[in-house]
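These notes are about the structure you will find just below.
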Amino acid sequence: MEEGRIEEYADTFTEDRVFEHALGWRPEGREQFIEGTRSGLARYAGKALRHRHDRFTVDRRPDGALDVTYLAMVSLVDEQGQVTFEPSCTVRDVLVWSEEGAGGGRWRTRSRFLRHGTAGSGRAGSPDVPEREDTETVDRMPAPEVLDNKALGRATLARQLVLRRHAMTATEAMEHLVGLQGQLANPPYLGLWSRLSKFAITDLTELLTSRKAVRGGLMRGTLHVVTARDFLRLRPVLQPVHDKAQRGFFRRDTEGMDLGELAAFCASVLDERYSTNVELRKALAAKWPERNATSLLHSVQYLLPTVYVPPGGTWGTGGSTPLATVDSWLGTPLPESDGPSEMILRYLAAFGPASVKDIQAWSGLTRLKQPVDELRPKLVTFRSAESGVELFDLPDAPRPGAGTPAPVRFLPEFDNLLVAHADRTRVISDEHRAITNTRNGGVAATVLVDGKVAGRWRLVRAKKAVTLEIEPFAPFAASDRKQVLAEGEALLAFAGEDAEERDVRFV
């Protein structure tokens, strides 16, 4: 019907159909049904029409027919992309197995009654809908609630500890967040500062130097700062992501090589002495002079679980950092993977509600539909109001509602919040994402105002002075500008603690 194939839609009903619309229309015969449906759709000209059906209840009658009750929702998208909704209806169908008409051998609708209201209204006992016959219940599924982007955003902000600062330790926060993106040294510190009520630079540095936290490759094959125990939990599950990346980037340069031998050689070098990339590349060039040593080096970083040795990767550091194998650094070999289920549940706790594609985009893994389906008994489901996509979540996870106030926050480069979903419009518009995401894969530091990315920022250091430059994507309202300024000054006090002069500047 949405595609205008009205005759085919009519064929889904029996010849003796009974159809009654919520507005009272009751056609007689096939031709009247077709013409009435076609004229009814004409008022939607120029708009994309989509039906969404939820809250199904299916009962079997003694004669084999099926009583089906469900909620029907209709969305309309105009040429400007504006989405509107028609009043929802409760639909009561009776389906019968029929051999009549083209195709034959399928379920067809013998009667359909539509009533405005939610599923549960217009059920048996209602004066305007026929009573059901005695039935045997074969399936009952509650309808998913529909969440718009603002409600999704607030839920994710709550999980990401951004709606308020929390009295957690750095260890507790890292494990709740399933790590922090660590492409650069400083962002994990800034990410924790923006989320915790009490956090000092030394808190994370001490965890890294004491080997209670590590910086190594995990989700999407990128660097993350996580607790040591989380690295041991996550890396085995995510190793297929790293193997796939190695094949995708360096298959040609490692063609014909024994990759197990390559990884074992580098493990022996690193176990003998922690080595920087420069030193490891030299060892690889000496071992395989006919190969591209840079490609071998990057291959090893995917194939061999390694971590960066402090002080490299701690606040304010840069340059080439020594690597160590996980076995030698933590004194514990990686366990075998126990599958993605536990990781999926933890992702939902930190980023939900989310779709299967969201989980895949965050982790880098593919084919997660089956593992998610297996977890359904532990989950609740929702629908995105904008896309209609099914979303999964933990039953008791916070979903504070679209009207919950969201404070101004400064998020660092590559912050979890901006890289953890396939559809990121809950926190950043596609237009602004094109500004914050660079061509070389970078993600700018951003400013959140009312729960959405509203600008970007950077720290500019010159001798003993540090300036916070804030670039709004649109002029801030006076009240928002005041909050941005106050939060910016707090950021400067944290990140520019050693500076003699500090300044906030809007650019």
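The values are calculated or read from the model by the stated rules, or taken from the named source; none is laboratory data. Predicted, not measured: the structure shown is a model, and the values here were computed from it. In this analysis, Cβ positions are derived from the backbone assuming ideal geometry, glycine residues included, and neighbour counts consider all displayed protein chains. In case anyone asks, the SASA skips ligands and DNA or RNA and just uses the protein heavy atoms, side chains included. Shrake-Rupley method; radii C 1.70, N 1.55, O 1.52, S 1.80 Å.
If you go through region 482-507 and keep only what is surrounded by 17 or more Cβ atoms within 10 Å (Cβ to Cβ), free of Cβ contacts under 8 Å to residues at least 60 places away in the same chain and either part of a loop (DSSP other than H, G, I, E, B) or within 28 Å of the chain's Cα centre (by Cα) (or both), you end up with GLY496, ALA499. Please determine whether any residue of region 482-495 is over 22 Å from LEU204 (Cα atoms) and modelled with pLDDT under 95. So far as region 482-495 goes, no, none of its residues is over 22 Å from LEU204 (Cα atoms) and modelled with pLDDT under 95. Only residues that are touching a Phe, Trp or Tyr at 6+ places or on another chain (Cβ under 9 Å), among the basic types (Lys, Arg) and either surrounded by fewer than 18 Cβ atoms within 10 Å (Cβ to Cβ) or farther than 18 Å from HIS432 by Cα (or both): list them for region 453-481, please. Correct list: ARG481 only.
Output the residues belonging to region 9-44 that are closer than 12 Å to ARG108 by Cβ and among the β-branched types (Val, Ile, Thr). Let's see the steps before the verdict.
We begin by selecting, within region 9-44, every residue closer than 12 Å to ARG108 by Cβ; these are 9-17.
Residues satisfying the conditions are THR12, THR14.
You will find that of ARG383, ARG367, the residue that is in contact (Cβ under 8 Å) with a residue 24 or more places away in the chain and either in a helix (DSSP H, G or I) or open to solvent by 10 Å² or more (accessible area, probe 1.4 Å) (or both) is ARG383 and no other.
Can you find, within region 295-332, the residue that is farthest from ALA285 (Cα to Cα) among those that are of a type in the set (Val, Ile, Thr) and open to solvent by less than 40 Å² (accessible area, probe 1.4 Å)? Looking at residues that are of a type in the set (Val, Ile, Thr) and open to solvent by less than 40 Å² (accessible area, probe 1.4 Å), I get THR314.
Per-residue answers, yes or no, for (1) in a loop (DSSP other than H, G, I, E, B); (2) not charged (D, E, K, R):
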residue	(1), (2)
LEU297	no, yes
VAL300	no, yes
GLY319	yes, yes
ASP327	no, no
ARG346	no, no
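Within region 174-191, being among the aliphatic types (A, V, I, L, M) and buried (at least 19 other Cβ atoms within 10 Å of the Cβ) holds for MET174, LEU177, VAL178, LEU180, ALA185, LEU190. Tell me yes or no: at least one residue of region 192-200 is farther than 16 Å from TRP315 by Cα and open to solvent by 30 Å² or more (accessible area, probe 1.4 Å). Yes, that holds for at least one residue. The set of residues in region 215-228 being open to solvent by 20 Å² or more (accessible area, probe 1.4 Å) and under 17 Å from THR205 (Cα atoms) consists of ARG215, LEU223.
Residues in region 253-264 that are open to solvent by 50 Å² or more (accessible area, probe 1.4 Å) and in contact with a helix residue (DSSP H, G or I) (Cβ under 8 Å, 6 or more places away or on another chain): 2 in all.
For the condition without any contact (Cβ under 8 Å) to a residue 12 or more places away in the chain, over 21 Å from the mean Cα position of the chain (by Cα), closer than 16 Å to THR321 by Cβ and surrounded by fewer than 21 Cβ atoms within 10 Å (Cβ to Cβ), what is the one hit in ARG247, ARG273?
The conditions single out ARG273.
From LYS357, LYS378, LYS282, LYS287, grab the single residue that is within 14 Å of the chain's Cα centre (by Cα) and open to solvent by 60 Å² or more (accessible area, probe 1.4 Å). It would help to see each step written out before you state the result.
Details: LYS378 fails: within 14 Å of the chain's Cα centre (by Cα); LYS282 fails: within 14 Å of the chain's Cα centre (by Cα); LYS287 fails: within 14 Å of the chain's Cα centre (by Cα).
Testing whether each residue is within 14 Å of the chain's Cα centre (by Cα) and open to solvent by 60 Å² or more (accessible area, probe 1.4 Å) leaves just LYS357.
Please go through region 257-270 and pick out each residue that is free of Cβ contacts under 8 Å to residues at least 24 places away in the same chain and assigned to a loop (DSSP other than H, G, I, E, B). First the steps, then the outcome.
Taking region 257-270 as the starting set, the residues that turn out to be free of Cβ contacts under 8 Å to residues at least 24 places away in the same chain are 258, 260-261, 264-265, 268-269.
Across region 257-270, the qualifying residue is only ASP258.
Before we move on, is ASP373 among the acidic types (Asp, Glu) and either crowded, with 16+ Cβ neighbours inside 10 Å or in a loop (DSSP other than H, G, I, E, B) (or both)? For ASP373, the condition - among the acidic types (Asp, Glu) and either crowded, with 16+ Cβ neighbours inside 10 Å or in a loop (DSSP other than H, G, I, E, B) (or both) - is not met. A count restricted to region 155-173 and to residues that are open to solvent by 10 Å² or more (accessible area, probe 1.4 Å), over 20 Å from PRO310 (Cα atoms), touching a residue at least 40 places away in the same chain (Cβ under 8 Å) and not hydrophobic (A, V, I, L, M, F, W, C) stands at 1. The sole residue among THR254, THR227, THR209, THR222 that is in contact (Cβ under 8 Å) with a residue 12 or more places away in the chain and touching an Asp or Glu at 6+ places or on another chain (Cβ under 6 Å) is THR227. Being open to solvent by 60 Å² or more (accessible area, probe 1.4 Å), at pLDDT below 95 and among the charged types (D, E, K, R) is a property that does not hold for GLU336.
Counting only strands (runs of 3 or more DSSP E) that sit wholly inside region 1-117, those with at least 2 residues that are in contact (Cβ under 8 Å) with a residue 24 or more places away in the chain, surrounded by 14 or more Cβ atoms within 10 Å (Cβ to Cβ) and touching an Asp or Glu at 6+ places or on another chain (Cβ under 8 Å) are 48-60, 66-77, 89-98, 106-116.
Would you please list the contacts, defined by Cβ atoms under 7 Å and residues six or more apart or on different chains, that run from a residue in region 320-337 that is free of Cβ contacts under 8 Å to residues at least 12 places away in the same chain to a residue that is surrounded by 12 or more Cβ atoms within 10 Å (Cβ to Cβ) and of a type in the set (Asp, Glu)? Short answer, once both residue conditions are applied: PRO333/ASP327. Restricting attention to region 408-443, the residues that are assigned to a loop (DSSP other than H, G, I, E, B), touching a helix residue (DSSP H, G or I) at 6+ places or on another chain (Cβ under 9 Å) and open to solvent by 40 Å² or more (accessible area, probe 1.4 Å) add up to 3.
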